[in-house]
Structure formats: structure tokens, C-alpha cells
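The values are calculated or read from the model by the stated rules, or taken from the named source; none is laboratory data. As the structure is a prediction and not an experimental result, all values here were calculated from the model. Note that we place each Cβ from the backbone using ideal geometry, even for glycine, and neighbour counts take in every protein chain shown.
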């Protein structure tokens, strides 16, 4: 049994109190003295040349302080991209400038053209209406295949084409993979779309810039998952502000899901304008603005081929993907369809040859970047769909076909560069079948049939790479950043601790879980541990929270720092008890000399550290505060089996999700309640993608799903109660907690399970439908049923 | 500018607003009651849900002047008089019905309105009632459980350990 409040137990979340009483402090809750308001005027066309921007009328409007255009940023850099991809021919990717405000051309609906700063938000908006902006429409490229045509209009005229890169992985496997597919007993081919999504954290983005003339220090309050990354990118590459003169604060942040990783123009603008105007400048995104300025997710078009031998063993896998980059390269965009996608194409299976080709394409759409799962949902979707299709073509059970090809020995070196440390895929599959009552499915299907409905059951078995990532490895792969994490553990004289972590919590509950770990290590009450995050002035340089990395990387850094603290505290305790360091044990908040009844309390030692009257000053310094930076040795590899049960109304094509079961292996779990909550949320987003969410452009590049009236967010009545389980545990072998990460799994494993379930229902109803592209709206399902 | 007066969480308040000022902005900006949130601009997300004369309303869809003389209740007034969490708030914490916390005030206000109308709702009734409140974090699973529990009905405890 886990200790109450310690690792493995589910104490209530401490952060809930402020969120439940309206005392949370989100960025939009911050109002600074003398604050002015920024309103961004954005392009309403997808592609056009800016002929003129008339500001006179707007400047004369009440309350207007200044109107900014690109001309004000001539000395500033563009928004940088954090990852460089090399093409198959050895050339580096084409990397266009991403200006803060549009320079000469607008390249997507929502591209910012000018900013009005006024005394009130209403005045800024009113004046925005009075700007006289003349734009010459240019033909837009929206569809990726059209964008690659010889005569396609160029999104960036200074680039040779709309192709960002043409990446092959692993290039050395290409010929062998082609040959194996030619010689295979059976090849299953599938063409599919991974639909474009919008992350839609419920808190829209906010930026508040502030400037202190007396210290020449700029401060940015922003809705970020990684304030240190924003400080580095914005300071060094955009505004030329040294880190010691720039503070970035990300207070309570209302969800992220990837969309709040990236450095955005509005952050740089508000920081810049606050200094230019010598007063705080605030911007709060409206939801409509969020749809056309937050980075979008997914948007892949893929052809996948799976080759099998006569005994149904997988022999080779080849995929070709077009990945939409949008109009500019967002911070991590180039890495998503490549290193976060290609490296996962082996899945859970012993496929000896894998070759992945990705062409990244510029279009006149909002930039596309990481969204929950980021590359791994795209990999899992292709693989788990093509395996189901292969099983149907071969007339074998899709579960048996998976099991036959499962990797069973670890560590396992895949043909796509990564090495899985641990896993037990049969165990998670067994667990799924047990808790989803798979055995009872046929009875339930008969019941549905009797009511004129079609019932289907679909599964998927995913693997993902989390805990991003070993810095030396990602550096070789083109990352322009390190991906370690940091923590400082500061012990106060009276024994309480403050952990300052580079990880960031925007819903994940770190204030609770990180305190659980420290509480366990020292044996003190979790209430004595304060977790501080989200402020570059208070935390050591850290890379932030995304890619399910917080506990695996940030938690590990915290453990390492706490270990240093404990080692020093043991020396102090040894001195106080006149014993050898090596004889000191720490348990339940007391230091004991092993094998004796001599002990001192944690608080006695911490006090001695700061009041060193009786202290080994010749050996160690006073004080008790340590910092650790943890750079992981490998990715972590959570995996799991997901099962979806649907009922389909053949008259309307409407799909109802009756049950969804997730059997995950996350390694060790710190707080089961929080882990399950993460899975629930991921499932809802994955089901949303598969069933209803779709970010749609018309052929002219108008975003036709730019509000909650048009973009279908899953609501409570769209979802069932979930069955989730994390009792299959193969601990990670290379981090101190044995943890793997759980944040993205739900969104990765669920879309293929749902689509497989719908196709199963259709086949049971006699409809020989091979594939339907997501989202499986009633119209799409019904149309497919008509043949 | 116009003068507007109302009662918020039992306290009489007044302020100067434009005709177009929304109730949610009056609460957040004039009164600095920032617990009520704004998550969209089409009256869909429900993060701004408050009670107006005991009815749940989206405060982004009510003009401040239309609340003249009204009795408004917000998340800041939901705790018990001694400062402890109310039954609904406590259930949200007990059943992990919130993650990032941004939709939470609206969810709690919607839940309170539901339980006033329907003291023992079924799961389907809870889900249906929350149609106007969007959460992106929880998948609603634990929100539904929290509301069922707050209504005094038995639900499966949180997380197998």
C-alpha cells in the first residue's frame, strides 16, 4: 500500500482550492497600473500584397496611443524556428522569415498587419475598424498537393518552392524496404488524412508587457507552457534583450495541449510596445482570434503500405506523408512530422524494415505545430488503421495479427533509430480485453441488431516516445535547444522546502504530485513542500512542459536536487550525532545512526544548516539548497491497448460511443487520480478528433471553422464514462522514478480505435467500407454506407 | 457612461459603464472579480456562467446595464460562510473534477443551478445540462461524477490505488 500522501497515493490537489473559489491568477487577471490595451488587426484574406496602411483616421480616434506596423520592427528579428530538418538530398529546410507584423504580404487569414494601442480595449477595437488597409488579393494555396505543383503561387517569393523539406528516414532502408514490399506475400495499402485540429485550451492566449525604466528590465506575463524558452527565443532572436534584463512569467495557465509551447508574435509585440510607450501593454485573445492565430495541429495526408509474409509476419512498412506547415514555421513545427512521427512508425511490432518519407509544405494557412501527441498520434493512426485493414483483407482476427507481431523482448532496437527500454504489450492487450468485457461483445452486438442498430468494437495498441529528450541526440537531429530539465530545492531553516522547477503546470497538478515525491523522499508532510514554477526570475533555466515530460524529466531533476540536499543534510546530521556520514539513514523525517537509537529530526538539521554554531564548517558550507539539471539518457516509451465500442444508426450514419477502455503502461505512477484524469482528457480529445473536430478551410483560404459555432468541441453528452487502467507496469529503466509519462496517451491511442470500431460496425452490417477519413460525422458515415 | 447598480454575492455594488459593457467585463474589470472567465466570444463555452436572480446566465451575453438591480452570484460567493468549500466545490476537489481550472467556475455555477432544478439528476441529465459548458481537460468524466456525488448519489470513488 502506498503511504498516505506519498508516491502511489491520490491526495486531493492543493491547487484546486484557488481554482474552485475564483482566486486563481491567470494572465488575463493581471492588470498593471497605467496599462494600455493592444488590438491586433489581422488579414481577412489568405494571401495578398499590402499596398498601403492608412493610420491617420485611427490615430485621431479617442484614446488611441499609437498604431504599430511592420515598419516599427525594422530592427527586430523574426519569430525563430527551433528545429532544422535536413532533406534527403542533404540540403537544409527552406526557412522563411516570420515577422512580428506582416511585411509586404499577408500569408494567411489572421496574419497580423497592424496593432492599435489605446487607453481601453473598446477604443483600440474601434480604432482598428478605422485603419485603411489596402490589400491586393493574390491566389492562395491551401491544398498541399496543389501547393507542390510546378506553377503553384509561392507563399514566400524568396523561396524556390512551397516545399519546406523532403525528409527520408531511414534513408539507408529505402531500397531494402522497397524490395521487401515488391516481394511480399501480401501488401495492404491505405491512404488517409489526419485531420487538422485546433488545440483550444479553454483559456485564450494573453500577453502583458511591462517595462521598468529604472532597471531597464522588461517583464512579460504570458500564457506559456515554457516561460524560459520564451525568454530565450524572444530575448535572443527577436527583441535583442539579454536574459538578465528580461523576465517571463507564466502564472496559472488554463490548459495548453501544445498550443502554448510556441513563441508568438503577440508576446514580442507587447514586450516591445511596453518599452516603446513606457507603460504596460496588454493583449487578450478572443476565441475567434485564437482560431486564426494559435498554431494548429496534425494535418497530414498519408499513403501507407504494410507488407506481410505468407505467415502474416510484418516484413516491411513504407509511408509517404505530406505535412502542412502553414504559412510560417512555428517554433517546433519541422520536428513534428519527422522525429516525433517517423521514429514511432515501428509501433509495437517487429517490423524489420521501415521507411518514412515526409514532405513538409507551405500553404496559406495558420502555422501548424505540436498538438497533444504531436506526430505520435499521426504515426499510431496510420499503423493501427493499416493493420486492421490487413487483418480484414487476410481474414484474420485483428487482435491475433497484432499479437503475432508484438515485440516481446526488451530492450528492443527498432529500425527507426529508437530503442524501447521496457514494455509488455500482451499484458496491456489482455487487460483491455478483460476490462472492456470483450467476451460479451457478440451478445451486445446481437442486442443492437435487434434494435436495428450496428455495433462495432475496435482496438488499437499504441506506443509513444515521451520524456523528451536526450539533448545530445536531439541536437544531432536538428534541435536548436537542449531538452534537459532543472530544479532547485531550497530548504528553509525551519524545515520547509521550496522546489523551483523548470516544468510548468497548466492543469497537470504538479503542485500536488511533485510535493508527493519530496514528501516520500524525506518523510515529511507534503504541506511542508511548496512547488514554484512559471517564473524565470524564480526558477532555474528549464525547458518546460510538453511531450509528457514533466515527471519523467522535471521530476527526475527534482529527485536529483533533493538527493543532493539529503546527502548534505546527512553530513550535518552525522556531525550533530558524532557519527560517520555513511551510517546516517533518513526515514520519516528523522536522521538515525544505523543500528542505534540515536536520531535527530529533519528540522534540527535544517536549522543547523542556517545557524551553524555546531557545524562542520571546515568540510561543508552553511545553507541547504541544491540545484540539479537532468538530461535524460533516452526517451520513455509508454504503451497501451485501447478499445472502443460504438453503436451506429444505419438510417443517419450517427455514431454513438458506448464505451471506451484504456489499458496503459505508464511505468510507475505517482498519483493515480491525476494520471487517470490525464487519460480521460486525452481520450476526449482523441474521440473529438475521430468523431467531430475538424479545422476547415475553403478553397480561397477562408477559415470556415473559426468559432465554437463551427468547430465541434466535444461536449459532456458526446462522451461516455471511460474505463481506464494503469495496473500493467514495466518501469522505465533509466530515470530515478521509473516513470514514463501519461499526458498524451489518450489522444494518441484513441482515434484509430474509434475508426476501427465504426468500420467493424459497418462490416457487420454488410457495408464493405475500407476507410472513412476523420471526423466520422454522420454525413461522412452515411455517404460511405451508400457505396 | 451610465451608472449601474446591482447586488453581487450579497453585497450592493455600483459603477460607471458604457452601454455596450458586458456583465462579465463589469465583474472582471470594474469589480475585479476575476473568478468568472471568458473562454469564447459566441456564448458557447460557459466559462462566464454566473447566476442572475437565481438563474444561470452567460455573463458574456448580458449587458451590465441589463443587470441593473439584479442579484448576481459568482464563484467568489460560492464557498460556505466560514470559508470552507461548499458541497459542490468540495465534490469537484474530491472527484478531481478540474484540471487547469479555467472552465471550473462556470462548471460549478452550472452544477449549482442544475442541482437546484433537479436535486438528484441522472448521469444523462447531468451531461445534457452541461451542454453549454465546455471543458478541454477532463473529458467531463470526473465533472459528471463530482456533480452526481454532490447530489448525494453514490459514485465510484476516484482512482484505484
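Out of the residues in the range A:697-729 meeting the condition of being outside any loop (DSSP other than H, G, I, E, B) and touching a residue at least 60 places away in the same chain (Cβ under 8 Å), tell me which one is nearest to the other protein chains (Cβ to nearest Cβ).
Taking the candidates together, the pick is A:722.
Taking residue B:148, is it more than 7 Å from chain A (Cβ to nearest Cβ), farther than 23 Å from residue B:61 by Cα and either assigned to a helix (DSSP H, G or I) or touching a strand residue (DSSP E or B) at 6+ places or on another chain (Cβ under 9 Å) (or both)? Taking the combined requirement at face value, the residue satisfies it. Among the residues of the range A:12-41, those that are within 23 Å of residue A:134 (Cβ to Cβ) and more than 14 Å from chain B (Cβ to nearest Cβ) comprise A:38, A:40, A:41.
Here A:633, A:641 are screened, and the one residue that is in a loop (DSSP other than H, G, I, E, B), closer than 25 Å to residue A:740 by Cα and either under 22 Å from the mean Cα position of the chain (by Cα) or not assigned by TED's automatic domain parsing to the domain that holds residue A:462 (or both) is A:633. For residue A:655, the criteria (1) touching a strand residue (DSSP E or B) at 6+ places or on another chain (Cβ under 6 Å); (2) surrounded by fewer than 23 Cβ atoms within 10 Å (Cβ to Cβ); (3) more than 26 Å from residue A:4 (Cα to Cα) hold in every case but one, which is (2).
Among the residues of the range B:108-120, is any facing chain A (nearest Cβ under 7 Å) and surrounded by 19 or more Cβ atoms within 10 Å (Cβ to Cβ)?
Yes, because at least one residue in the range B:108-120 is facing chain A (nearest Cβ under 7 Å) and surrounded by 19 or more Cβ atoms within 10 Å (Cβ to Cβ).
Take the conditions in contact with a strand residue (DSSP E or B) (Cβ under 7 Å, 6 or more places away or on another chain), at pLDDT 95 or above, over 30 Å from residue A:344 (Cβ atoms) and not in a helix (DSSP H, G or I) and apply them to residue A:626. Does it pass? Criteria met by residue A:626.
Take the conditions buried (at least 21 other Cβ atoms within 10 Å of the Cβ), outside any strand (DSSP E or B) and touching a strand residue (DSSP E or B) at 6+ places or on another chain (Cβ under 6 Å) and apply them to residue A:445. Does it pass? Here the answer is no, as residue A:445 does not meet what is asked. Taken as a whole, the range A:411-428 holds at least one residue that is in a helix (DSSP H, G or I), under 27 Å from the mean Cα position of the chain (by Cα), in contact (Cβ under 8 Å) with a residue 12 or more places away in the chain and buried (at least 22 other Cβ atoms within 10 Å of the Cβ).
Just for the range A:1-11: of the residues that are surrounded by fewer than 17 Cβ atoms within 10 Å (Cβ to Cβ) and at the interface with another protein chain (Cβ under 7 Å from one of its Cβ atoms), which one is modelled with the highest pLDDT? Per the stated criteria, the residue is A:8.
Of the residues A:709, A:713, the single one that is surrounded by fewer than 21 Cβ atoms within 10 Å (Cβ to Cβ) and either within 20 Å of residue A:750 (Cα to Cα) or not assigned by TED's automatic domain parsing to the domain that holds residue A:773 (or both) is A:713. Selection of the range B:1-31 for residues being free of Cβ contacts under 8 Å to residues at least 12 places away in the same chain and buried (at least 21 other Cβ atoms within 10 Å of the Cβ) yields only B:28. Restricting the range B:39-50 to residues that are buried (at least 23 other Cβ atoms within 10 Å of the Cβ) and more than 7 Å from chain A (Cβ to nearest Cβ), the residue that is farthest from residue B:104 (Cα to Cα) is B:50. Contact map, the range A:455-474: first residue without any contact (Cβ under 8 Å) to a residue 24 or more places away in the chain, second residue surrounded by 24 or more Cβ atoms within 10 Å (Cβ to Cβ) and in a helix (DSSP H, G or I), Cβ cut-off under 8 Å, separation 6 or more or different chains; the map is empty.
Check A:574, A:552, A:567 and return the single one that is more than 14 Å from chain B (Cβ to nearest Cβ) and either assigned to a loop (DSSP other than H, G, I, E, B) or buried (at least 24 other Cβ atoms within 10 Å of the Cβ) (or both). Working first, answer last.
On the way: A:574 fails: either assigned to a loop (DSSP other than H, G, I, E, B) or buried (at least 24 other Cβ atoms within 10 Å of the Cβ) (or both); A:567 fails: either assigned to a loop (DSSP other than H, G, I, E, B) or buried (at least 24 other Cβ atoms within 10 Å of the Cβ) (or both).
Result: A:552 is the single residue among A:574, A:552, A:567 that is more than 14 Å from chain B (Cβ to nearest Cβ) and either assigned to a loop (DSSP other than H, G, I, E, B) or buried (at least 24 other Cβ atoms within 10 Å of the Cβ) (or both).
Would you confirm, using the coordinates I've provided, whether residue A:615 is outside any helix (DSSP H, G or I), over 30 Å from residue A:579 (Cβ atoms) and touching a helix residue (DSSP H, G or I) at 6+ places or on another chain (Cβ under 8 Å)? No: the conditions fail for residue A:615.
Per this entry, residue B:70 is counted among residues that are surrounded by fewer than 24 Cβ atoms within 10 Å (Cβ to Cβ), over 21 Å from residue A:11 (Cα atoms) and touching a residue at least 60 places away in the same chain (Cβ under 8 Å).
Can we say residue A:669 is at pLDDT 95 or above, assigned to a strand (DSSP E or B) and either within 12 Å of chain B (Cβ to nearest Cβ) or surrounded by 24 or more Cβ atoms within 10 Å (Cβ to Cβ) (or both)?
Answer is no for this residue.
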